[in-house]
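Visitor: Structure provided below as structure tokens; questions to follow.
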Amino acid sequence: MKENTIPGWIQDYPQVILENSNIVPTNIFEIGASNGNDSEFMRNHFNIPPENVFCFEPNPSNVQDLTEWHPTFNIFPVAVSDFTGKKIFQCHIHATDVSSFRKLLNSNHHYPGLSEQNYIEHEVDVLRMDYIIDHYDIKSIDICKIDVEGNSYEVLQGFGDKFNIVKFLHIEAEKEVYFDNQPWLFVDVKNFLTEKGYTMVNYYDIGEAQCDSWWVRNDVLKTK
């Protein structure tokens, strides 16, 4: 069981949203939700009811924590990508939060016990976000957090023509190839979001290869 903690940088969310947008958040979508604690912090701060929190997490170990700690969230034990179907998911047994459709490169030494033997393969269900949006008749996604270890661009593509309902987006991406057979990087994410009408309001590096960026849709962007 992982420790029930909140990363310190999550505390920046309210200030970033307040200073850079006119958004009054009423729901949260967390794709790659891990144990759900990030959503719980944001939910509490913005007084969002738990039934308006949607968490997507395919790793069975993380899903166990998520359902135990936040049973009133809408929990989807699925992966999100640019297709609907099934796919083999690589679960890292030592670092569950770097589990992915892709394995970390063997040259990557940031995580303990990295080897081919330290992954367990699970076949998981995969959904596109435009399917979720249509199925649940979602009119607006006020806060969307995407942390999917090398698959961020595919998640974005899976929104299809529904992407414009997202107001605030936090997305992790890679500045260089970090996972096996990884075709898309941060530059592709940046170009995609800029073309869709979003402005980057915060950015920071995560080690040498990864980064987090926060985006606001231009029509709800606060003029400074």
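The values are calculated or read from the model by the stated rules, or taken from the named source; none is laboratory data. This is a predicted model, so every value here is computed, not measured. Note: ideal-geometry Cβ built from the backbone for every residue, glycine included; neighbour counts use all protein chains shown.
Visitor: If you go through the range 158-194, how many residues are under 18 Å from Ile138 (Cβ atoms) and among the charged types (D, E, K, R)?
Guide: Here the count works out to 3.
Visitor: Of all residues in the range 36-56 being outside any loop (DSSP other than H, G, I, E, B) and polar (S, T, N, Q), which is surrounded by the most Cβ atoms within 10 Å (Cβ to Cβ)?
Guide: Selected residue: Ser39.
Visitor: Consider the range 166-220. How many of its residues are of a type outside the set (Ser, Thr, Tyr) and in a loop (DSSP other than H, G, I, E, B)?
Guide: We begin by selecting, within the range 166-220, every residue of a type outside the set (Ser, Thr, Tyr); these are 166-177, 179-193, 195-197, 200-202, 205-212, 214-220.
Keeping just the survivors that are in a loop (DSSP other than H, G, I, E, B) gives 175-177, 180-185, 197, 207-209.
Within the range 166-220, residues that are of a type outside the set (Ser, Thr, Tyr) and in a loop (DSSP other than H, G, I, E, B) number 13.
Visitor: Could you list all residues from the range 125-141 that are in a strand (DSSP E or B), surrounded by fewer than 22 Cβ atoms within 10 Å (Cβ to Cβ) and within 15 Å of the chain's Cα centre (by Cα)?
Guide: Val126, Leu127
Visitor: Please determine whether any residue of the range 94-114 is modelled with pLDDT of 85 or more, in contact with an Asp or Glu (Cβ under 9 Å, 6 or more places away or on another chain) and within 17 Å of Gly150 (Cβ to Cβ).
Guide: no
Visitor: While we're on this one: Mind checking which residues of the range 155-174 are surrounded by 15 or more Cβ atoms within 10 Å (Cβ to Cβ) and small (Gly, Ala, Ser)?
Guide: Listed by number, the residues that qualify are Gly158, Ala173.
Visitor: Quick one: which of Val201, Val187, Val177, Val216 is among the β-branched types (Val, Ile, Thr), surrounded by fewer than 20 Cβ atoms within 10 Å (Cβ to Cβ), closer than 26 Å to Phe41 by Cα and more than 15 Å from the chain's Cα centre (by Cα)? Show your work before the answer.
Guide: Numbers: Val187 fails: closer than 26 Å to Phe41 by Cα; Val177 fails: closer than 26 Å to Phe41 by Cα; Val216 fails: surrounded by fewer than 20 Cβ atoms within 10 Å (Cβ to Cβ).
Sole residue among the options that is among the β-branched types (Val, Ile, Thr), surrounded by fewer than 20 Cβ atoms within 10 Å (Cβ to Cβ), closer than 26 Å to Phe41 by Cα and more than 15 Å from the chain's Cα centre (by Cα): Val201.
Visitor: Going through the range 57-84 one residue at a time, which ones are outside any helix (DSSP H, G or I) and of a type in the set (Phe, Trp, Tyr)?
Guide: Phe73, Phe76, Phe83
Visitor: Take the residues in the range 174-200 that are modelled with pLDDT of 95 or more and of a type in the set (Val, Ile, Thr); name whichever of them is farthest from Thr223 (Cα to Cα).
Guide: Val187
Visitor: Let me ask you something else. Identify, please: which residue in the range 18-35 is of a type outside the set (Phe, Trp, Tyr) and surrounded by 24 or more Cβ atoms within 10 Å (Cβ to Cβ) and is, among those, nearest to Val148 (Cα to Cα)? Reasoning before the result, please.
Guide: Narrowing the range 18-35 to residues of a type outside the set (Phe, Trp, Tyr): 18-28, 30-35.
Narrowing the set further to residues that are surrounded by 24 or more Cβ atoms within 10 Å (Cβ to Cβ) leaves 28, 30-33, 35.
Details: Ile28: 16, Glu30: 10, Ile31: 7, Gly32: 5, Ala33: 9, Asn35: 14 Å.
Residue satisfying both the conditions and the ranking: Gly32.
Visitor: Just name the residue that is farthest from Leu105 (Cα to Cα) out of those in the range 142-161 that are in a helix (DSSP H, G or I) and either at pLDDT below 95 or in contact with a strand residue (DSSP E or B) (Cβ under 9 Å, 6 or more places away or on another chain) (or both).
Guide: By that ranking, first place goes to Leu156.
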